[in-house]
Amino acid sequence: MEAGVTFSAAGGTDTDQVPRSPANVRDLGGLPLVSGGTTAHGVLIRSDAPYPGDDAPQGVPWPPSTVLDLRDHTEPGAQAVSWPPEVRLVHKQVSSGARVDRIASMALTDIYTAMLRTGGDRLTAALNEFDLAGTTLVHCAAGKDRTGVIVAIAQMLAGVAEDAIIADYQRTEENIGGVFARLRDRKRIPAGTTIDAPILRTPREAIDLVFDAVEGFRGGPWAWFDAHGGDVGHFEAWVARFRAGR
């Protein structure tokens, strides 16, 4: 597709409107657990970046109790959202090299490799901020890579089935039209970037790197989490809530 194609909120090409709410937002309840049962709704939400003036997204608790923004401090700029006072806003930069506006020509596997090799403590620092009582929203710019890695690790720690983790990661492909339109409208992606750019894809080999690093760690995901500074007691309590679906 060409950069001039217009997109609908669902990611299609049938309207001239830029989505007026996050285009890649979803509640991660209902995912199958390896041990049986499903994850609980209203505990964890993933999304692309919300912007000032957005409509509230449908189908998710909004506003969330905790907003975990994974972008670096320079990214939001004038597009930073003013959340209600009851919302806890936490900034945790998980990668200094994953800004969509700076890496449009880089391979995702290179980006993920760097994030996992040099930023394990940053990843666990973000996970340590998950809300034990309310809803946690995790987002970056597109809600795909930094968010995708954090959410995948959380799902691994919770014992979500591997196929479901991969499917959730790749589900962003369904929403990329709306994400692209929102990024382009707010000049958050380099001029000339098309929707076919590799940076906007969700290749299996990229998420496999996360499985290799975390599931493949000696002792498994919890050993990886502990070795990289994770607060095991805190996250076990969060996992107990997340695993309480029906």
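The values are calculated or read from the model by the stated rules, or taken from the named source; none is laboratory data. None of these values were measured; they are calculated from a predicted model. Because the Cβ atoms are built from the backbone with ideal geometry, glycine has one as well, and the counts that use them run over all protein chains shown. Surface accessibility is based on the protein's heavy atoms, side chains included, excluding ligands, DNA and RNA. Shrake-Rupley method; radii C 1.70, N 1.55, O 1.52, S 1.80 Å.
Things to note:
- Taking 4 °C and 1.567 mPa s as conditions, the stretch 116-246 diffuses translationally at an estimated 82 µm²/s according to Stokes-Einstein applied to its Kirkwood radius (Cα pairs).
- Positive-end residue, the chain charge dipole about Cα centroid, Cβ charges, pick of LEU200, SER21, GLN79: GLN79
- Karplus-derived 3J(HN,Hα), 6.51/-1.76/1.60, for each residue of the stretch 205-219, Hz, glycine and proline x: 5, 6, 5, 4, 4, 5, 4, 4, 6, 9, 5, x, 5, 4, x
- Value of relative contact order over the chain, rounded to a whole percent, pairs C-alpha under 8 Å and six or more apart: 29
- Intensity falloff of the stretch 37-170 expressed as log10 I(q)/I(0), Debye formula with alpha-carbon point scatterers, at q = 0.09, 0.10, 0.18 Å⁻¹: -0.25, -0.31, -1.07
- Sulfur and carbon atoms: percent of accessible area, the stretch 177-246 [1.4 Å]: 50
- Anisotropy class of the chain from Cα gyration tensor, a/c 1.5 cut: prolate
- Computed with a 1.4 Å probe over protein heavy atoms only, the accessible surface of the stretch 135-200 comes to 27 Å² per residue.
- Of the residues ILE176, ILE153, ILE111, the one that moves most in a GNM of the chain with alpha-carbon contacts below 10 Å is ILE111.
- Shape of the stretch 114-164, Cα gyration tensor, a/c cut at 1.5: rounded
- Remark on THR38: its backbone amide H falls under 5 Å from those of LEU33, GLY245, ARG246, a criterion applied only to residues 5 or more positions apart or on other chains, H modelled at 1.01 Å from N.
- A simple charge model with +1 on the Cβ of Lys and Arg, -1 on the Cβ of Asp and Glu and nothing else charged puts the dipole of the stretch 136-246 at about 580 debye relative to its Cα centre.
- For the chain, calculated [θ]222 nm from helices alone, where every DSSP H run of n ≥ 4 adds -39500 (n - 2.57): -10000 deg cm²/dmol
- Rounded to whole numbers, the Karplus 3J(HN,Hα) couplings from phi for the stretch 124-133 are 5, 4, 5, 4, 5, 8, 4, 6, 7, 10 Hz, using 6.51 cos²θ - 1.76 cosθ + 1.60 with θ = phi - 60°, and x at Gly and Pro.
- Karplus (6.51, -1.76, 1.60) ³J(HN,Hα), θ = phi - 60°, over the stretch 173-181, in Hz, Gly and Pro reported as x: 4, 5, 10, 5, x, x, 4, 4, 4
- Only Lys, Arg, Asp and Glu carry charge here, each on its Cβ (+1 for the first two, -1 for the last two); on that basis the chain has a dipole of about 280 debye about its Cα centre.
- Near ARG26, the amide H atoms lying under 5 Å from its own belong to ARG46; only residues 5 or more places off or on other chains count, and H is placed 1.01 Å from N.
- Share of carbon and sulfur in the accessible heavy-atom surface of the stretch 62-168 [1.4 Å probe, %]: 48
- Percent of beta bridges antiparallel (DSSP, the chain, rounded to nearest 5): 25
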